[in-house]
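What follows draws every value from the coordinates through simple rules; no lab data is involved. Note that the structure is a prediction, hence the values are computed from the model and not measured. So basically every Cβ, Gly included, is an ideal-geometry build from the backbone, and we count neighbours across all protein chains shown.
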Ligand SMILES: N[C@@H](CCC(=O)N[C@@H](CS)C(=O)NCC(=O)O)C(=O)O
């Protein structure tokens with residue numbers, strides 16, 4: 001039974017799953033869900049995924065939400081020796097990758113989510129100081145991680161990089177990485193952006209995501225101006 005991946009290309013976590021599936025050679029049936037239209041809120045969808053987020057996947061009646069959980073499942077089930085370095089068996093390396101995945105889930109993506117939610121509901125015309133502070137704080141943490149290794153969790157590309165690059169691509173669009181303050185993060189971002197899989201799968205969705213966030217902010221700005 002093929003995998004169905006509920007996703008939208010603009011979603012950073014969905015892009016991460018799409019890239020991992022592509023690297024592992026996992027075929028899936030894409031099913032587009034637009035969270036802005038609350039298409040994930042139908043009783044049928046809510047039953048499958050009470051978190052009501054994209055991405056989530058379904059395989060032969062097995063439903064799984066959260067990009068990080070999905071990436072690990074796909075790796076566990078479908079990785080071959082060729083892909084082993086994405087999530088090596090060494091326990092400490094794995095633990096470091098897991099930590100970076102939790103960092104992406106709990107800190108990095110949350111700094112983006114705190115911008116996305118008010119933007120899409122017409123309550124944000126520009127990033128507040130505290131939003132920028134939170135994003136900078138996450139950039140600072142990444143700069144520190146990248147002082148210990150070339151990539152986020154190792155000297156080779158791992159699942160942690162694939163997860164974080166999607167979030168960073170959208171964050172960078174709304175609050176650019178200051179290359180003087182975060183030179184290692186800037187270098188990592190440029191290296192990751194040049195990967196063929198990133199150009200093909202991450203870049204178009206990220207550009208769309210950033211453009212839509214900016215367009216929503218612009219509309220809110222105009223509405224506020226009209227009220228004055
Ligand atoms: N930790 C989750 C976050 C997923 C998430 O929040 N996705 C957004 C789209 S980028 C969403 O579905 N938002 C709808 C909502 O929160 O109601 C993951 O990694 O999959």
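Values for this structure:
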read-out	value
Gyration tensor (alpha-carbon) shape descriptor, the chain, a/c threshold 1.5	oblate
Three-way shape call for region 156-228 based on the alpha-carbon gyration tensor, with the a/c threshold at 1.5	prolate
Whole-Å distance, taken between Cα centres, linking region 73-114 and region 1-54	18 Å
Value at 222 nm in deg cm²/dmol, rounded to 500, when DSSP H runs of n ≥ 4 in the chain each add -39,500 (n - 2.57)	-18500 deg cm²/dmol
Average Cα contact separation per residue, region 3-83, under 8 Å, 6 or more apart, as relative contact order %	38 percent
Within a Gaussian network of the chain (alpha carbon springs, distance under 10 Å), most fluctuating of 180, 199, 77	180
FRET E, pair residue 120, residue 225, Förster distance 25 Å, beta-carbon r, rounded to 0.05	0.80
For the chain: relative contact order, % (alpha-carbon pairs under 8 angstrom, 6 or more apart)	25 percent
Counting DSSP beta bridges with both ends in the chain, the antiparallel % (nearest 5)	60 percent
